[in-house]
Amino acid sequence: NTEAVQALEFPIPAGVYAERVVSVKHYTDRLFSFRITRPQSFRFRSGEFVMIGLPNAEKPVFRAYSIASPNWDEEVEFFSIKVPDGPLTQHLQKIQPGDTVLMRQKSTGTLVNDALTPGKRLYMISTGTGIAPFASLMRDPETYDKFEQVILTHTCRDVAELRYGEELIETTREDPLIGELTEGRLHYFASTTREPSPHTGRITTLIENGELFKALGTEPLDPATDRVMICGSMNMLKDVKALAEKAGLKEGSNAEPADFVVERAFVG
Ligand code: A2P
């Protein structure tokens, strides 16, 4: 590496990678994404999360972040909220290309293909930054090996917050590596709750009143064909999980794969 190594005030803790910020993109005053260099030895399964922090203290604050990039990507991408007094995000939202971000070496999580039994359709249901693990999974060829149809739903407060997901769908469909694989198989459904858009309402409402399935041309959730991954706030997880269970789907895990899995999105 010929680039000047940033002088770090504090030592890098053990078991932690110190990586360089490659790019940062701000979507709204609440949301931004960034990409860092990927350590050669860093391996993860698409959909997992990792702890990240900043080298600005002797004992840095770490928070769990879903990895948004697929596992074949040369960089690692994250999608983050900005919380004005958030212990990590108040600083993280100011990062610039060239800055250092810390990342713990071990990733983990339940939103992985391994935790689901095979099915016809995969529903990836997200709100807010909960879209991040699905940004990884929808770009992983393994997801298309396992499922005929891959459906991403994203619900946000307003239209501007949907932009990251819209761009993701566009770039995935055009991607030289994965684009062809997604043809006619990757479906996107977006809704907003605090601003009118083509689909207005919480995803729970749109599942219950059938608007989601009508828009997709599918049938209501069925354990014979459908698998579901859920990522959002604590209350969103509870409510969507209840709907999945009502439809007869069983919760899975890495140890015991089944019909649906849940994971809380990063909150602050
Ligand atoms: P709402 O605007 O009605 O609160 P946030 O940015 O606060 O995490 O919210 C992201 C999206 O998740 C918002 O559209 C929000 O709707 C929605 N949401 C919040 N709670 C739930 C829930 N319990 N079930 C489904 N959607 C939810």
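The values are calculated or read from the model by the stated rules, or taken from the named source; none is laboratory data. Source: prediction; values computed, not measured. Please note: Cβ atoms are built from the backbone with ideal geometry, for glycine as well, and neighbour counts cover all protein chains shown.
Sort out which residues of the range 124-139 are out of contact with any Gly (no Cβ under 8 Å at 6 or more places or on another chain) and not in a helix (DSSP H, G or I), and write them in order of number.
124, 138, 139
Could you check residue 180 against (1) within 21 Å of the chain's Cα centre (by Cα); (2) loosely packed, with under 15 Cβ neighbours inside 10 Å; (3) more than 15 Å from the ligand (Cβ to nearest atom) and say which number it fails?
(1)
Tell me which of these residue 118 doesn't satisfy, since it passes every other one: (1) in the same structural domain as residue 230 (by TED's automatic domain parsing); (2) closer than 27 Å to residue 161 by Cα.
So residue 118 meets the others, but not (2).
Take the residues in the range 221-265 that are of a type in the set (A, V, I, L, M, F, W, C), without any contact (Cβ under 8 Å) to a residue 24 or more places away in the chain and loosely packed, with under 15 Cβ neighbours inside 10 Å; name whichever of them is nearest to residue 81 (Cα to Cα).
The extreme case among them is 242.
Looking at (1) touching a residue at least 60 places away in the same chain (Cβ under 8 Å); (2) within 18 Å of the chain's Cα centre (by Cα), which one does residue 218 not meet, given that it meets all the others?
Failing condition for residue 218: (2).
Being more than 16 Å from the ligand (Cβ to nearest atom), under 20 Å from residue 26 (Cα atoms) and buried (at least 16 other Cβ atoms within 10 Å of the Cβ) narrows it down to one of 100, 155, 171, so name that one.
100
Residue check, residue 163 against (1) within 16 Å of the ligand (Cβ to nearest atom); (2) among the basic types (Lys, Arg); (3) without any contact (Cβ under 8 Å) to a residue 60 or more places away in the chain, all met but one. Which one?
Only one criterion in (1) within 16 Å of the ligand (Cβ to nearest atom); (2) among the basic types (Lys, Arg); (3) without any contact (Cβ under 8 Å) to a residue 60 or more places away in the chain is unmet by residue 163, namely (3).
Which of the numbered conditions does residue 18 fail, given that it passes all the others? Conditions: (1) within 11 Å of residue 103 (Cα to Cα); (2) free of Cβ contacts under 8 Å to residues at least 40 places away in the same chain.
The failed condition is (2).
Would you say residue 208 is within 13 Å of the ligand (Cβ to nearest atom), surrounded by 13 or more Cβ atoms within 10 Å (Cβ to Cβ) and more than 22 Å from the chain's Cα centre (by Cα)?
It is true that residue 208 is within 13 Å of the ligand (Cβ to nearest atom), surrounded by 13 or more Cβ atoms within 10 Å (Cβ to Cβ) and more than 22 Å from the chain's Cα centre (by Cα).
Picking from 104, 30, which residue would you name as being closer than 20 Å to residue 164 by Cβ, modelled with pLDDT of 95 or more and charged (D, E, K, R)?
Answer to the check: 30.
Of all residues in the range 183-205, how many are within 20 Å of residue 27 (Cβ to Cβ), more than 14 Å from the ligand (Cβ to nearest atom) and under 18 Å from the mean Cα position of the chain (by Cα)?
Number of matching residues: 1.
For the range 215-268, enumerate the residues that are within 16 Å of the ligand (Cβ to nearest atom) and charged (D, E, K, R).
If the condition is that a residue be within 16 Å of the ligand (Cβ to nearest atom) and charged (D, E, K, R), then 238, 239, 241, 245, 246, 263, 264 are the ones that fit.
Among the residues of the range 233-250, is there at least one that is in the same structural domain as residue 204 (by TED's automatic domain parsing) and part of a strand (DSSP E or B)?
Filtering the range 233-250 down to residues in the same structural domain as residue 204 (by TED's automatic domain parsing) leaves 233-250.
When the remaining residues are screened for being part of a strand (DSSP E or B), the result is none.
No: zero hits.
Considering each of 115, 57 in turn, give the residue that is more than 16 Å from the ligand (Cβ to nearest atom) and buried (at least 22 other Cβ atoms within 10 Å of the Cβ). Quick ask: steps written out before the conclusion?
Working: 57 fails: buried (at least 22 other Cβ atoms within 10 Å of the Cβ).
It is 115.
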